[in-house]
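J.: Structure in structure tokens, see below.
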Amino acid sequence: MTDIASLSEAPALLARAGRSAGSGPDLTQGAGGNVSVKVPGGRMLIKASGARLRDVTPTSGYALVDSGVIAGRLRRGPAGEDELSDLIKAATLPVDGLPPAKPSIETGFHSLLNSAVVHVHSVYANVLNMSEEGACAAARLFPEAVRIPYRSPGAQLCSAIAVHARPSEEQVFFLAGHGLAVSHQDVDGALALNERVNAAIRRGLSLPPYTAAPAAAGLAPHNAARLAFYGRDFMLNNVLSPDQALYCGPEALSGAAGPDVNEVLAALFYVLDCIRALGWKPRFLSADDVAYLATMTGGRYARKGKE
Ligand SMILES: [Zn+2]
């Protein structure tokens, strides 16, 4: 791993990465996804929890952490939720002129990887990540990529990635039930790798163009139509991802929906529709996985502020 920028240059690079990775609802929805940049002294800038990727600026929307300490802990073996959360909190450093910010819940795995990391909840990657057949297809399309079986965001996911992390290499991770993460030695390389992987999936699976949900009070018409097709009970009882568990509860499906809910729902319906069109089967989270997320919802993995 090489430090790619001085602390004074890094915020502008991080903001550029956030704007690019967060440019479309096909790649990130709500406050999902995150970007990070390593700086000298074993430190790292990372998107703040609850911030949208495209809203990261050189003076807001991110936190500075001692990533060396966090990575060192994760390399020693699996960490507990409270332990990792407390460690990240203790490793968060003040920055002159920057309002205090809570680092992303995914700070742990960013700290383990190469100098620039882009993590998105890409609908294209999630056709692979949220289907029974997707693992084989991902292995065929991206033989070098690492596939991580579903793990809850936070200590479980970071501990699973720690086993495969190579801090000096370019890497592509498919995170089952969740998203895509790529690492590279510099920001441009990470953004290009992210784009390349997403384009290769669209091409390899002949996926249709993405239909974004327009801003709407309540459910957007497209989402209401797809909800009617799949059924409210189906969507409440079959959970594809942590985003669905946290954003798409009974109230949200009844129309108490903000823009984040419409973005998350449109992404879920795209993934479900693509899986159907391919003749594949969706792979849902287990009851235990959903119950575990619920225990986190009451704590630090709060709805709409999780990343
Ligand atoms: Zn994520």
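The values are calculated or read from the model by the stated rules, or taken from the named source; none is laboratory data. As the structure is a prediction and not an experimental result, all values here were calculated from the model. Glycine also receives a Cβ, built like all others from the backbone with ideal geometry; neighbour counts cover every protein chain displayed.
J.: Considering segment 267-307 alone, what residues qualify as being under 25 Å from ARG52 (Cα atoms), at pLDDT below 95 and of a type in the set (Gly, Ala, Ser)?
T.: Residues satisfying the conditions are ALA294, GLY298, GLY299, ALA302, GLY305.
J.: For segment 157-195, enumerate the residues that are within 14 Å of the ligand (Cβ to nearest atom), touching a residue at least 40 places away in the same chain (Cβ under 8 Å) and either out of contact with any helix residue (DSSP H, G or I) (no Cβ under 8 Å at 6 or more places or on another chain) or among the basic types (Lys, Arg) (or both).
T.: Matches in segment 157-195: none.
J.: Pick out the one residue from LEU93, LEU112, LEU128 that is more than 14 Å from the ligand (Cβ to nearest atom), surrounded by fewer than 18 Cβ atoms within 10 Å (Cβ to Cβ) and assigned by TED's automatic domain parsing to the domain that holds LEU64.
T.: Exactly one of LEU93, LEU112, LEU128 is more than 14 Å from the ligand (Cβ to nearest atom), surrounded by fewer than 18 Cβ atoms within 10 Å (Cβ to Cβ) and assigned by TED's automatic domain parsing to the domain that holds LEU64, namely LEU93.
J.: Is there a residue in segment 131-141 that is within 13 Å of the ligand (Cβ to nearest atom), closer than 22 Å to LEU278 by Cα and crowded, with 24+ Cβ neighbours inside 10 Å?
T.: no
J.: Return the total of residues in segment 210-242 being more than 16 Å from the ligand (Cβ to nearest atom) and closer than 15 Å to ILE275 by Cβ.
T.: 7
J.: Looking for whichever is of a type outside the set (D, E, K, R), within 29 Å of THR211 (Cα to Cα) and in a strand (DSSP E or B) here; the options are SER36, SER20. Which one fits?
T.: Selected residue: SER36, the only one of SER36, SER20 that is of a type outside the set (D, E, K, R), within 29 Å of THR211 (Cα to Cα) and in a strand (DSSP E or B).
J.: Among the residues in segment 36-47, are any closer than 21 Å to GLY179 by Cα, in contact (Cβ under 8 Å) with a residue 60 or more places away in the chain and surrounded by fewer than 22 Cβ atoms within 10 Å (Cβ to Cβ)?
T.: No, the conditions are met nowhere in segment 36-47.
J.: Looking only at segment 202-258, how many residues end up being of a type in the set (A, V, I, L, M, F, W, C), free of Cβ contacts under 8 Å to residues at least 60 places away in the same chain and assigned to a helix (DSSP H, G or I)?
T.: Within segment 202-258, residues that are of a type in the set (A, V, I, L, M, F, W, C), free of Cβ contacts under 8 Å to residues at least 60 places away in the same chain and assigned to a helix (DSSP H, G or I) number 11.
J.: Consider ILE201 carefully, then state whether it is more than 16 Å from the ligand (Cβ to nearest atom) and either within 20 Å of TYR124 (Cβ to Cβ) or surrounded by fewer than 24 Cβ atoms within 10 Å (Cβ to Cβ) (or both).
T.: Against the criterion (more than 16 Å from the ligand (Cβ to nearest atom) and either within 20 Å of TYR124 (Cβ to Cβ) or surrounded by fewer than 24 Cβ atoms within 10 Å (Cβ to Cβ) (or both)), ILE201 qualifies.
J.: Of the residues VAL56, VAL118, VAL69, VAL146, which single one is away from the ligand (no atom under 13 Å from the Cβ) and closer than 30 Å to ARG283 by Cβ?
T.: VAL146
J.: Related question: For segment 96-109, give me each residue that is of a type outside the set (Lys, Arg) and either within 16 Å of the ligand (Cβ to nearest atom) or over 20 Å from the mean Cα position of the chain (by Cα) (or both).
T.: ASP96, GLY97, LEU98, PRO99, PRO100, PRO103, SER104, ILE105, GLU106, THR107, GLY108, PHE109 - these are the residues of segment 96-109 that are of a type outside the set (Lys, Arg) and either within 16 Å of the ligand (Cβ to nearest atom) or over 20 Å from the mean Cα position of the chain (by Cα) (or both).
J.: PRO214 - would you say it is outside the structural domain of VAL118 (by TED's automatic domain parsing) and surrounded by fewer than 16 Cβ atoms within 10 Å (Cβ to Cβ)?
T.: Criteria met by PRO214.
J.: Of all residues in segment 39-50, how many are within 15 Å of the ligand (Cβ to nearest atom), over 17 Å from VAL261 (Cβ atoms) and outside any strand (DSSP E or B)?
T.: Matching residues across segment 39-50 total 1.
J.: Do we have ARG202 as of a type in the set (D, E, K, R), at pLDDT 95 or above and within 17 Å of PRO25 (Cβ to Cβ) here?
T.: Yes.
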